[in-house]
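Okay, structure first, notes after.
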Amino acid sequence: MTVKKIIPCLDMKDGRVVKGVKFRDVKEVGDPPAFASRYEKDGADEVAFLDISATAEGRQTMLRAVAATAEVLTIPLTVGGGIRSKDDADEVLKAGADRVSINSAAVLSPGIVKECADAFGSDRLIIAIDAKKEGNGWIVYTHMGMRSSGIDAVEWAQRMEDLGAGGILLTSVDADGVKEGYDIPLTAAVASAVSIPVTASGGCGSMEHIYDVLTKTEAASALAASIFHYNECTVSDVKRYLRGKGVSVRL
């Protein structure tokens with residue numbers, strides 16, 4: 001039985017953890033190292049650090065915040081936002097990240113995916129896909145969900161795998177922050193189309209939502225923010241709940 005992972009997400013802006021709805025109306029909720037440390041103690045399998053405004057603002061990821069967060073962790077740290085080149089990725093990894101997550105740069109220049117995979121290894125490269133429902137499918141969006149690429153999300157995930165990506169971080173822009181559940185059809189479509197691990201993101205409002213996405217799709221892990229940030233439940237609570245429902249998790 002495949003062991004499923006629970007990944008708390010630190011959405012970052014101006015060096016602080018924030019949370020919004022559909023990538024908008026972001027509000028500050030706290031300090032990244034403090035949140036990261038708490039989540040590791042609670043049993044998180046990984047932590048995601050996403051500088052949500054770096055690309056839209058045309059700047060690099062905040063390396064000092066990355067280093068401060070990495071310093072308090074022994075579990076893997078994935079960092080994304082503002083990574084536009086192999087050199088940017090190298091700086092983030094040297095700052096302490098275990099993996100880098102690339103989104104907009106891959107859409108603008110897909111060659112960066114193979115370049116980074118060749119330089120650092122596929123296991124250190126995650127492709128973030130932010131997708132919105134359009135017609136009968138889903139389209140990839142960039143720049144905090146503001147720009148449509150016109151690219152089909154399922155086909156894009158397959159292409160990213162072919163270029164060397166080691167995993168997909170899949171966020172439903174429609175569901176993000178709404179707390180009504182993950183986009184099950186989107187997650188199922190992408191996770192069944194690739195052989196690399198897919199992390200479901202966007203829409204988690206309860207432990208039941210995590211159970212649903214991990215059992216109704218082939219997602220390898222579930223990413224959540226609000227339910228952990230606002231102490232609605234802990235990672236340990238989620239894992240005990242999942243274990244009780246027959247889902248394999250690391251306690």
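Tabulated values for the structure
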| quantity | calculated |
| --- | --- |
| Considering residues of segment 204-221 that are touching a helix residue (DSSP H, G or I) at 6+ places or on another chain (Cβ under 7 Å) and of a type in the set (Asp, Glu) only, the residue nearest to Ala175 (Cα to Cα) | Asp212 |
| Qualifying position, being of a type outside the set (S, T, N, Q), out of contact with any His (no Cβ under 7 Å at 6 or more places or on another chain) and within 22 Å of Val213 (Cα to Cα), among Ala95, Ala191 | Ala191 |
| Lone qualifier among Val238, Val190 - being at pLDDT 95 or above and within 15 Å of the chain's Cα centre (by Cα) | Val190 |
| Out of Val178, Val213, sole residue that is buried (at least 17 other Cβ atoms within 10 Å of the Cβ) and either among the hydrophobic types (A, V, I, L, M, F, W, C) or touching a Ser or Thr at 6+ places or on another chain (Cβ under 8 Å) (or both) | Val213 |
| Every residue from segment 222-251 that is touching a helix residue (DSSP H, G or I) at 6+ places or on another chain (Cβ under 8 Å), small (Gly, Ala, Ser) and closer than 26 Å to Ala131 by Cα | Ala222, Ala224 |
| Criterion violated by Leu223 - all others in (1) in contact with a Lys or Arg (Cβ under 7 Å, 6 or more places away or on another chain); (2) among the hydrophobic types (A, V, I, L, M, F, W, C); (3) assigned to a strand (DSSP E or B) satisfied | (1) |
| Test: residue in segment 93-106 that is within 26 Å of Val72 (Cα to Cα), surrounded by fewer than 17 Cβ atoms within 10 Å (Cβ to Cβ), out of contact with any strand residue (DSSP E or B) (no Cβ under 8 Å at 6 or more places or on another chain) and at pLDDT 95 or above | yes |
| Subset of segment 1-47 [part of a strand (DSSP E or B) and at pLDDT 90 or above] | Lys4, Lys5, Ile6, Ile7, Pro8, Cys9, Val47 |
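Here's the yes/no breakdown for (1) open to solvent by less than 20 Å² (accessible area, probe 1.4 Å); (2) in a strand (DSSP E or B):
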residue	(1), (2)
Ala119	no, no
Asp123	no, no
Ile127	yes, yes
Trp138	no, yes
Tyr141	no, yes
Ser149	no, yes
Glu161	no, no
Ala165	yes, no
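The values are calculated or read from the model by the stated rules, or taken from the named source; none is laboratory data. Here the structure is a predicted model, which is why all the values come from computation and not from measurement. FYI the Cβ positions are ideal-geometry reconstructions off the backbone, even for glycines, and counts take in every protein chain you see. Ligands, DNA and RNA are stripped out before the accessible areas are found, and what is left, the full protein with its side chains, is counted by its heavy atoms. Shrake-Rupley method; radii C 1.70, N 1.55, O 1.52, S 1.80 Å.
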